[in-house]
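Step one of this worksheet: look at the structure below.
The values are calculated or read from the model by the stated rules, or taken from the named source; none is laboratory data. The structure presented is a predicted model; accordingly, all values stated were derived computationally and were not measured. Reconstructed Cβ throughout: ideal geometry from the backbone, glycine too, with neighbour counts over all protein chains shown. To get the accessible areas, we keep the full protein, side chains included, count just its heavy atoms, and leave off ligands, DNA and RNA. Shrake-Rupley method; radii C 1.70, N 1.55, O 1.52, S 1.80 Å.
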2 protein chains.
Amino acid sequence: MTETVDLLMDAAESAMRQRGYHAVSFRELADDVGIKSASVHYYFPQKEDLGLALVRRYSAQFFADLEVRSARAVTPADLIAAFCDTYRQALIQADKICLCGMLGAETCGLPLELSTAVAEFFDANIDWVSKALPKGTKSSVRRAKAEQIVATLQGALMLATSLRNHKVFDRAAKAMTLDMAL
Amino acid sequence: MTETVDLLMDAAESAMRQRGYHAVSFRELADDVGIKSASVHYYFPQKEDLGLALVRRYSAQFFADLEVRSARAVTPADLIAAFCDTYRQALIQADKICLCGMLGAETCGLPLELSTAVAEFFDANIDWVSKALPKGTKSSVRRAKAEQIVATLQGALMLATSLRNHKVFDRAAKAMTLDMAL
DNA sequence: ACATATCTACCTATTGATAGATAGATATCA
DNA sequence: TGATATCTATCTATCAATAGGTAGATATGT
């Protein structure tokens, strides 16, 4: 039996990934779960608390998925492919962009602690990719390439959602990996 | 003397590019311009009308800028560089992401006509880049590469804003063009 | 006199948030 | 064991603030 708090977070993540932080209300989430909006404040005193919990859960889940997908990868090409697949899963399974992609766009309108948590997700993304790239490459180049990869995947999620065509993501990701020639 | 409607659109574009569609109110825009919120409805009966006007103006301005920047470009490399520069300007001059990048992320929470206008901006972006790429390349490959380029630039705007570091955009764009080897 | 632009005043709906109550489970201790 | 106390999860009711939007008066300039 799923706990109320989990149902609330599921509803909130789904809504925020579709419409953004400011377009999600406590009442809507309460209705989704079948409780009153005041009860949502029992779990998340303020909206920012909910946002933080969501980003932390999302980030943990993302890196857990990434570990699974990259477990048997050894070459840089395989590791980057695993990273792209983890992003792809976010789009295909949920038909939504990345939670942090949405909140990252809204950065300037978010409470500071929340936008910081989102930035940390991206830092961790870039770090992971940077370490996956060929060891011989200069670290500043690896960093730039990692930023390029994360940017491309985030942008591709947004673009595919706006154009309502998942293939846009697949083509952009494929074109990127072909260019990279790892 | 700048017209009220232009001041309103400037304030609205700035606010929406920072915080998103739903975090912008008529009252706030009215205050910025020094009129009452009811008067905003004189120019934009509904919020959707404002959003549409903003996207149309933004798109027109973007392609006008792009024409200027690409006027003397002939090689694919120069044309793509002009495209990247036009994106870069959006970030550097205004310290904000692209209006359509923000609204594209919020697609599922927007009135249909508005999300359609945003998608048309991206279609036009992809078309332009596709035509700028080397003529010899197969058109399906050009399309995929164009989607990759637009995705990378949009993602890089978001990433640089979230990480509060413009150099992230520059490095990602540079890494992309180096990979492309046009 | 007319069109343009802005105002005052208001409406209804919704927002995030709080106060205080309650029923039932759980822990503590004589 | 039984009484007392505390905790968990929810409720009802309400708040001040803000949202988008409207009607109708008023000013301004041709």
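Could you go through region A:14-29 and let me know if any residue there is part of a helix (DSSP H, G or I), open to solvent by less than 30 Å² (accessible area, probe 1.4 Å), aliphatic (A, V, I, L, M) and away from DNA strand D (no atom under 14 Å from the Cβ). Taking every residue of region A:14-29 in turn, at least one turns out to be part of a helix (DSSP H, G or I), open to solvent by less than 30 Å² (accessible area, probe 1.4 Å), aliphatic (A, V, I, L, M) and away from DNA strand D (no atom under 14 Å from the Cβ).
Applying a threshold of 6 Å to beta carbon distances and a minimum spacing of six or more residues, or different chains, the list of pairs starting in region A:8-30 at a residue that is of a type in the set (Ser, Thr, Tyr) and ending at one that is more than 8 Å from DNA strand C (Cβ to nearest atom) and at pLDDT 95 or above reads A:TYR21/A:GLU106.
For B:HIS41, the test of being near DNA strand D (Cβ under 8 Å from one of its atoms) and over 18 Å from B:LYS96 (Cα atoms) is passed. Considering only residues in region A:1-13 that are in a helix (DSSP H, G or I) and within 12 Å of DNA strand D (Cβ to nearest atom), the one that is least open to solvent (accessible area, probe 1.4 Å) turns out to be A:LEU8.
Taking first residues from region B:145-162 that are free of Cβ contacts under 8 Å to residues at least 24 places away in the same chain and within 7 Å of chain A (Cβ to nearest Cβ) and partners that are among the basic types (Lys, Arg) and open to solvent by less than 10 Å² (accessible area, probe 1.4 Å), no Cβ contact under 6 Å between residues at least 6 apart in sequence or on separate chains turns up. Residues of region B:163-180 that are outside any helix (DSSP H, G or I) and either among the acidic types (Asp, Glu) or more than 7 Å from chain A (Cβ to nearest Cβ) (or both): B:ARG164, B:ASN165. Among the criteria (1) open to solvent by 60 Å² or more (accessible area, probe 1.4 Å); (2) within 16 Å of DNA strand C (Cβ to nearest atom); (3) polar (S, T, N, Q), the one A:SER37 does not fulfil is (1).
Here B:GLN93 clears all of (1) over 22 Å from A:LEU157 (Cα atoms); (2) within 16 Å of DNA strand C (Cβ to nearest atom) except the condition numbered (2).
Taking (1) over 29 Å from A:PHE122 (Cβ atoms); (2) more than 9 Å from chain A (Cβ to nearest Cβ) in turn, B:THR86 satisfies each apart from (1).
Criterion first (away from chain A (no Cβ under 14 Å) and of a type in the set (Lys, Arg)) does B:ARG56 satisfy it? Answer is yes for this residue. Taking the criterion of being open to solvent by 60 Å² or more (accessible area, probe 1.4 Å) and either of a type in the set (Ser, Thr, Tyr) or more than 19 Å from A:PHE121 (Cα to Cα) (or both), the only residue of region B:142-168 that qualifies is B:ARG143. Could you say whether any residue in region A:59-66 is of a type in the set (Asp, Glu), open to solvent by 20 Å² or more (accessible area, probe 1.4 Å) and at pLDDT 95 or above? Yes, some residue in region A:59-66 is of a type in the set (Asp, Glu), open to solvent by 20 Å² or more (accessible area, probe 1.4 Å) and at pLDDT 95 or above. Out of B:PHE169, B:PHE121, one residue alone is touching a helix residue (DSSP H, G or I) at 6+ places or on another chain (Cβ under 8 Å), under 24 Å from A:VAL141 (Cα atoms), modelled with pLDDT of 95 or more and of a type in the set (A, V, I, L, M, F, W, C). It is B:PHE169. For the structure I just gave you, tell me whether B:GLU106 is of a type in the set (Asp, Glu), under 15 Å from the mean Cα position of the chain (by Cα) and buried (at least 20 other Cβ atoms within 10 Å of the Cβ). Here the answer is yes, as B:GLU106 does meet what is asked.
Could you tell me whether region B:47-57 includes any residue that is near DNA strand C (Cβ under 8 Å from one of its atoms) and either over 13 Å from B:ALA11 (Cβ atoms) or not hydroxyl-bearing (Ser, Thr, Tyr) (or both)? There is no residue in region B:47-57 that is near DNA strand C (Cβ under 8 Å from one of its atoms) and either over 13 Å from B:ALA11 (Cβ atoms) or not hydroxyl-bearing (Ser, Thr, Tyr) (or both).
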